[in-house]
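S.K.: The structure follows.
Quick note: the coordinates plus some simple rules give every number you see, no bench work behind them. Predicted model, so just to flag it, every value in this text is computed and none were measured. Heads up, the Cβs are rebuilt from the backbone with ideal geometry, glycines too, and the neighbour counts pull from every protein chain shown.
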Amino acid sequence: MAGLVALLLTLPLVGLRTVEVQSRLTIEPHLAEVAMTAFLVFLGRLGLTVAASGLPGPVLLAALATLGAGWFLPFPTEALRVLALAGAAVVAIRTLWALYRRQDPRSQQERDRSLDLWGARLQDATRLIGPVAVVLALALPFLPFTDRAVLDLGILLLTYIMLGWGLNIVVGLAGLLDLGYVAFYAVGAYSYALLAQTFGFSFWLCLPLAGLLASLAGLTLGFPVLRLRGDYFAIVTLGFGEIVRIILLNWGDLTGGPNGIAGIPRPSFFGIADFTATPASGQVAFHQMFGLQYSPLHRIIFLYYLILALALLVNLFTMRIRRLPLGRAWEALREDDIACTALGINRTTIKLAAFAIAAMFGGIAGSFFATRQGFISPESFSFIESAIILAIVVLGGMGSQIGVVIATLLVIGLPEVFRDLAQYRMLSFGAGMVLIMLWRPRGLLSHREPTILLHPRKSATQQHAEAVGAP
Amino acid sequence: MTSPQDFAEPLLRVEHLSMRFGGLVAINDVSFSAQDCAITAIIGPNGAGKTTLFNCLTGFYTPSVGRLTVSHSGHRWLLERMEAHRIAGTARVARTFQNIRLFGGMSVLENLIVAQHTKLMRASGFTLAGLLGLPVYRQAERAAVERARYWLDRVGLVEMADRQAGTLPYGAQRRLEIARAMCSEPRLLCLDEPAAGLNPRESADLSVLLTFIRDHHRIGVLLIEHDMSVVMAISDHLVVLDYGRKISDGPPAVVRHDPAVIRAYLGEDESESEDDANGEDRNRREGQGSC
């Protein structure tokens with residue numbers, strides 16, 4: 001049965017591939033792969049059924065054998081091999097789980113609780129993870145295995161982490177579902193590109209300006225929209241995101257339309273030195289200033305540290321503001337906006353502040369993006385970007401800073417790591433999402449730490465124990 | 001019971017208030033006043049317009065006709081012209097809700113700190129001073145925590161201060177909502193059925209708490225309540241509504257013998273509907289007391 005479903009599903013997805021033959025699109029069948037996939041799914045499903053009906057032992061052996069075979073035997077394509085490996089691993093884990101569960105007479109609710117307990121423990125561990133991750137990130141450019149590709153991936157990840165942290169202010173703290181965050185990212189990128197090209201402003205002047213312009217855009221959008229609630233709000237922000245993209249596409253005189261803007265100036269080393277091999281006369285290049293051998297990596301490392309600093313700035317800001325009245329009011333707004341009004345909180349200004357601040361961070365990230373790429377076009381700011389950033393925030397657990405990092409590693413990192421799988425790599429994106437939704441539907445780290453305590457600090461694990469102990 | 005003091009101007013004066021929703025008249029030409037340092041109870045059968053009256057007072061509805069004046073500290077505010085958040089922040093009218101509206105995901109203490117938002121926001125220099133970590137804000141926050149601790153102590157929730165508000169038992173949530181309203185330092189406190197769903201002992205505790213609030217804080221309390229044991233024990237003044245009209249107004253001893261009230265409240269056939277109401281009340285209490 002499952003094999004049949006898999007056959008139906010994979011037939012159009014895997015079996016038919018459009019290829020360009022002599023400037024014409026034709027469809028190329030890959031029936032062998034389809035058959036193999038269906039067969040593998042059939043085997044996997046069979047294994048699960050047998051395991052469930054009481055024979056987990058042999059199935060476990062078979063799964064492990066497949067795992068071993070998959071590792072060493074050649075497969076027709078890399079994708080099939082990964083599929084077989086992953087499938088065998090899943091079957092092995094499921095059978096182990098079945099074995100474990102048989103000896104475990106707890107109810108579903110108790111099991112959920114124990115999962116929550118693990119979440120709480122993880123949350124406790126994050127107190128250590130945070131500093132460790134920062135140190136690791138700082139040391140990354142000097143680690144032995146680091147090359148250009150790793151640094152580029154690091155920059156990409158950090159950009160999304162920064163965007164995720166920025167959006168977290170609106171979505172995670174203030175509870176406003178913003179589907180058009182990429183609009184502010186675009187405003188920031190185009191602000192930098194245009195200011196730098198038209199007026200010759202330096203990157204360091206443009207960075208705050210771009211943030212300012214983006215937050216102005218946030219206010220402009222905010223005024224009419226903030227009366228709306230829930231779904232309506234989300235739809236209007238979605239529309240705004242598209243409006244910005246379409247304006248960029250059609251205002252050819254200013255933005256270059258679909259051609260975008262090329263030759264955006266690169267940042268200098270704090271306005272003192274450039275990252276060039278041969279500096280203009282009378283100027284000193286970065287490598288000369290520090291007496292180093294010239295290497296194109298210097299600029300990349302500098303960019304890496306730049307985005308790391310910006311992202312950490314956003315994080316620091318959020319961590320601080322959560323302890324301030326404004327941040328607390330945002331969270332209160334998310335919980336119950338009517339009660340907020342009854343306590344004298346002006347909803348409009350609070351929401352506008354959240355919007356403007358998040359937009360500012362989006363704009364700063366945007367101008368970083370522009371200076372890193374050196375080229376921007378409306379294509380980089382489509383809805384899918386907004387969706388990805390939102391997915392990062394939601395999957396990470398709304399309002400959780402570490403959750404955003406982990407979710408970014410999954411959502412952006414996995415497809416990058418699996419680049420070898422060619423067209424199947426987006427599958428890992430989907431699989432990651434499905435797994436998170438299955439295991440932790442409220443996000444990876446949904447546990448929330450109070451921002452202020454009356455009694456001495458307790459770990460999340462203890463709090464969990466208390467919450468379970470209470471009726 | 002303290003007798004209502006005679007002020008030149010009562011704390012709250014409601015004049016000719018009417019509220020219409022399309023063709024439905026929820027409140028019809030109601031006038032009464034509430035004194036400072038006194039508990040004024042508003043009672044009436046279901047659908048009499050009590051909660052609508054509260055919504056008009058706290059700015060959630062704009063009344064169709066009428067004037068709502070709050071006077072204290074030498075100022076007068078016309079509530080019907082103010083935005084809801086300014087009624088709470090400037091005219092200092094606080095309220096609780098019939099269906100509890102706590103910030104469930106936040107801790108108990110955070111709920112009480114958010115209630116002091118306006119004050120803290122000013123102390124934090126609208127976030128700037130707070131971001132820089134200036135001592136002004138830290139001091140204000142410490143004061144806010146102390147105020148919260150005081151009220152937590154009053155409602156007996158100090159031990160639970162760091163728990164998530166949404167995980168508290170029902171009675172504790174009710175008390176926390178009152179504490180939260182009090183943390184915003186109101187001059188007029190509007191309580192919408194604070195005893196709903198409480199067991200008899202919790203109701204008695206509530207009466208003690210409300211009398212304490214009236215006697216030790218300079219505040220007027222406006223109370224909507226169905227639980228007559230609470231209402232009769234603590235209120236200084238009663239206003240009875242029925243079908244949006246005021247049918248009686250006066251001290252409890254007078255109102256309870258007013259024939260118009262008995263007719264509206266207990267029905268024409270006195271004994272039967274009284275039994276009904278009591279039975280229903282008991283059922284409800286038992287149902288909620290057990291969880």
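S.K.: Scan around B:ILE27 for amide H atoms under 5 Å from its own, H built in the peptide plane at 1.01 Å from N, and keep only partners 5 or more places away or cross-chain.
M.R.: So B:ILE27 has HN proximity to B:MET19.
S.K.: Now a separate question. Return one number: the angle in degrees, 0 to 90 and rounded to the nearest 10, between the long axis of the Cα atoms of helix B:200-216 and the longest principal axis of the Cα atoms of chain B.
M.R.: 70
S.K.: Starting with the fewest neighbours, write out A:ASP253, B:ASP205, B:ASP36 ranked by other beta-carbon atoms found within 10 Å of each beta-carbon.
M.R.: A:ASP253, B:ASP205, B:ASP36
S.K.: Further, regarding this structure: Using the count of nearby Cβ atoms within 10 Å as a rough guide to exposure, how do B:HIS16, B:HIS75, B:HIS237, B:HIS226 rank from fewest to most?
M.R.: Listed from fewest to most nearby Cβ atoms, that is B:HIS75, B:HIS16, B:HIS226, B:HIS237.
S.K.: Using the Karplus curve 6.51 cos²θ - 1.76 cosθ + 1.60 with θ = phi - 60°, what ³J(HN,Hα) values do you get for each residue of the stretch A:349-362, in whole Hz, with x for Gly and Pro?
M.R.: Each residue of the stretch A:349-362 in turn: 5, 5, 5, 4, 4, 4, 5, 5, 5, 4, 5, 4, 5, x Hz.
S.K.: Kindly give Rg over Rh for the stretch A:273-417, based on alpha-carbon atoms, with the Kirkwood expression for the hydrodynamic radius.
M.R.: Computed over Cα atoms, the ratio is 1.09.
S.K.: Let me ask something else about it. Measure nothing fancy, just the Cα-based angle from helix B:170-183's long axis to the longest principal axis of chain B, in degrees from 0 to 90, nearest 10.
M.R.: On a 0 to 90 degree scale, this one is about 70.
S.K.: Neighbour counts of other C-beta atoms within 10 Å: give me B:HIS217, B:HIS257 arranged from fewest to most.
M.R.: The most exposed by this proxy come first: B:HIS257, B:HIS217.
S.K.: Can you give the log10 of the normalised intensity I(q)/I(0) at q = 0.17, 0.30 Å⁻¹, computed with Debye over equal Cα scatterers of the stretch A:315-356?
M.R.: One equal scatterer on each Cα of the stretch A:315-356 leads to -0.42, -1.08.
S.K.: A further question follows. Can you list residues from other chains, or at least 5 along the same chain, whose modelled amide H is less than 5 Å from the amide H of B:SER124?
M.R.: Correct list: empty.
S.K.: Quick one: which residues, 5+ away or cross-chain, put their amide H under 5 Å from the amide H of A:ALA174? H built at 1.01 Å from N.
M.R.: Here nothing satisfies the definition.
S.K.: What is the helix-to-structure angle for B:270-289, meaning the angle in degrees between its Cα long axis and the longest Cα principal axis of chain B, kept from 0 to 90 and rounded to the nearest 10?
M.R.: 30
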